[in-house]
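These notes are about the structure you will find just below.
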Amino acid sequence: MQLNPLHLKVSKLLEGRLFRIPEYQRAYSWQSRQRADLFNDIREAYRSGREHFMATLVALAKETREINADEFRAVELVDGQQRTTTLIILFKALEKSLDSSITSEADIKKDLAKLLVKGDEHSLILLQTNHDSSKVFTNYIRSGLVSEPKNPTVADTNLVKAAQECERFVQDWKNSEGSIVSLISTVRNKLSVIYHEIQDQATVYRVFEVLNSRGLDVKWIDKLKSQLMALIFEHVEDEKTRGEASDEMKMIWKNIYQALGNESKIGDEALRFAGTWAVDTRPNRIISEQDATAELTRKAGTSLKSIAVVGHELEAVVLANLKLSRNNRLRAVTRISHARFVASAIILRAFKSKEEQLLLEKWERVTFRIFELGGADTRHKVGDYVRLGYDIYRSCLSSDEVQERLDSISQNFSIKDVLKSVDWTDSYNNWGEQLRYLLYRYDEHLAKEAGEKINATAWNKIWQAEPSSSIEHIHPQSSGASYVHQLGNLTMLPPGINSSLNKRPAKEKFKTYLSCGLRATMEVGLSIEERNNWSEAMIKKRTKQIEDFIRLEWSD
């Protein structure tokens, strides 16, 4: 592998190049911590006067473009996109801070504008990023406006924060040092990188793999992507077939990163799940991201078919995990990783719709009974769940076999035994997500008994907020009574309505309860209206009613 790495200052790196981040790469994911590290590096370089090496960048050389009388080499960033994106945002913040009316700053401001946007304001910007459907980055580089979209992705939020933090850093520098020019000079001339600009795709992914096998801060899922791409170029000899396979793999990763737009952590877990299913010997635990990457690379092998299979399987696991995470009612059930592994396996098996629903309902009952009602911690039942998830996916268990195995897992957690040890006197503290789920299920039950549908509009508002903002203490917390957190004293209201009642006594709130549209809360309102009271005895009675529902719903 013959390389010609260049040691470049930032000024030379950005000169004569147009950077692209292809859609099959991860979206912008830097957090405040990484940006703070960059700002500290800049301050240290300024104080010491010495050059500071930042990182290694890897790029795939593409076409050469002419804009006006200038020629630019277009390159796709394979490694280093997060740092490069942040630097370009910082340059925009610097351009905005310069004053055109000051002679010493006017020319620098003009030069930065020409660096960031080639030609006129409608021409190409220095960096064309990916997954920027809301145009947060593009709008900022062109207009300097920090626009926050209505439904931001994680990348959108990170970009908005990056712009705000870069502008704050520039202002702090101005306040402390007095001159923005010194900051621009430091970034341009004191920061440097090792830059690999590679001509062919066959080499670029291997370079990425080699450079990032040294413990650098690169996600394992990104390393897997590069390894799969490298395998295609290494083992597929026919040029046309290789090109088609490369395009297919890029599309897979484009889909993965787009799917993970708002839930990036799910990608890491999907990698672990997919890697665990790739293990040939039935495991007792979910393997690490590093081991999963090794197992999936081994499974990919050297044939085009097996390489593609690994890519498509990972994409399917990502989508299955997203399906679980986006199910509002299951948040209290899906906090256990090895339990999610089983649910993901059920989804991936593509059972008939009714079978899948029955299996997920069974899994939901068993898991909530063991971990939330039964109080088992995350160390319980690990091997049982992992082996079951593995067998569902790898051994193609039938629906009946899955149900039998779930029954076996919960054998020592019968609802009768579980309820013997449950203390309902504090059902609020450290149990908010579980309580919300339980009260949703109770409200669903009462609505069904009344021949009604659950109020989806009200519950959607409740799911979107933190549990504590919707959990209503019927007898107010401010009373200090010993029974305020007891299960029977807790009900649900949409967030705005809940906060408006604040510390008011139950007798002043019952009319609001009656009109809220939530069956369980409406029944509380009726009880208060009938008795003109809300007593400890009434709370205990309601606790017993909810417990009877639990006994029925979560029975073996």
*How many residues are modelled with pLDDT of 90 or more and within 16 Å of residue 208 (Cβ to Cβ) if we restrict to segment 30-57?*
1
*Quick one: which residue in 176, 182 is farther than 21 Å from residue 57 by Cα and in contact (Cβ under 8 Å) with a residue 12 or more places away in the chain?*
182
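Residue by residue, here is whether (1) assigned by TED's automatic domain parsing to the domain that holds residue 155; (2) in contact (Cβ under 8 Å) with a residue 60 or more places away in the chain; (3) assigned to a helix (DSSP H, G or I); (4) closer than 15 Å to residue 18 by Cα holds:
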{"site": "87", "(1), (2), (3), (4)": "yes, yes, yes, yes"}
{"site": "96", "(1), (2), (3), (4)": "yes, yes, yes, no"}
{"site": "99", "(1), (2), (3), (4)": "yes, no, no, no"}
{"site": "104", "(1), (2), (3), (4)": "yes, yes, yes, no"}
{"site": "107", "(1), (2), (3), (4)": "yes, no, yes, no"}
{"site": "111", "(1), (2), (3), (4)": "yes, no, yes, no"}
{"site": "131", "(1), (2), (3), (4)": "yes, yes, no, no"}
_So in segment 488-514, with the set limited to residues that are assigned to a loop (DSSP other than H, G, I, E, B) and loosely packed, with under 12 Cβ neighbours inside 10 Å, which one is modelled with the lowest pLDDT?_
502
*Give segment 390-404 a look and list any residue that's over 18 Å from residue 288 (Cα atoms), crowded, with 21+ Cβ neighbours inside 10 Å and not aliphatic (A, V, I, L, M), or say none.*
393
_Lone qualifier among 285, 298, 242, 335 - being closer than 29 Å to residue 441 by Cβ, among the basic types (Lys, Arg), surrounded by fewer than 22 Cβ atoms within 10 Å (Cβ to Cβ) and not assigned by TED's automatic domain parsing to the domain that holds residue 460_ = 335
*Confirm whether residue 190 is at pLDDT 90 or above and more than 23 Å from the chain's Cα centre (by Cα).*
yes
*asked:* List the residue pairs whose Cβ atoms are under 7 Å apart, where the first residue sits in segment 501-514 and is under 15 Å from residue 491 (Cβ atoms), the second is among the small types (Gly, Ala, Ser) and outside any loop (DSSP other than H, G, I, E, B), and the two are 6 or more positions apart or on different chains.
replied: 510/525; 513/525; 514/525
*asked:* Every residue in segment 519-556 that is part of a loop (DSSP other than H, G, I, E, B) and within 28 Å of residue 370 (Cα to Cα), please.
replied: 554, 555, 556
*Which of the helices (runs of 4 or more DSSP H) contained wholly in segment 278-367 include at least 1 residues that are of a type in the set (Lys, Arg), closer than 24 Å to residue 397 by Cβ and over 24 Å from the mean Cα position of the chain (by Cα)?*
289-300, 353-367
_Set 107, 70, 99: member being at pLDDT below 90 and at negative phi_ = 70
*Being within 28 Å of residue 314 (Cβ to Cβ), surrounded by fewer than 21 Cβ atoms within 10 Å (Cβ to Cβ), in contact with a helix residue (DSSP H, G or I) (Cβ under 8 Å, 6 or more places away or on another chain) and not hydroxyl-bearing (Ser, Thr, Tyr) is the filter here, so list the residues in segment 351-389 that pass it.*
351, 355, 356, 358, 360, 362, 382, 384
_It is to be established whether one or more residues within segment 31-53 are more than 23 Å from residue 174 (Cα to Cα), assigned to a loop (DSSP other than H, G, I, E, B) and out of contact with any Leu (no Cβ under 8 Å at 6 or more places or on another chain)._
yes
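The values are calculated or read from the model by the stated rules, or taken from the named source; none is laboratory data. This one's a predicted model, so the numbers in the text were calculated from it and none came from an experiment. Cβ atoms come from the backbone with ideal geometry, glycine included; neighbour counts cover every protein chain shown.
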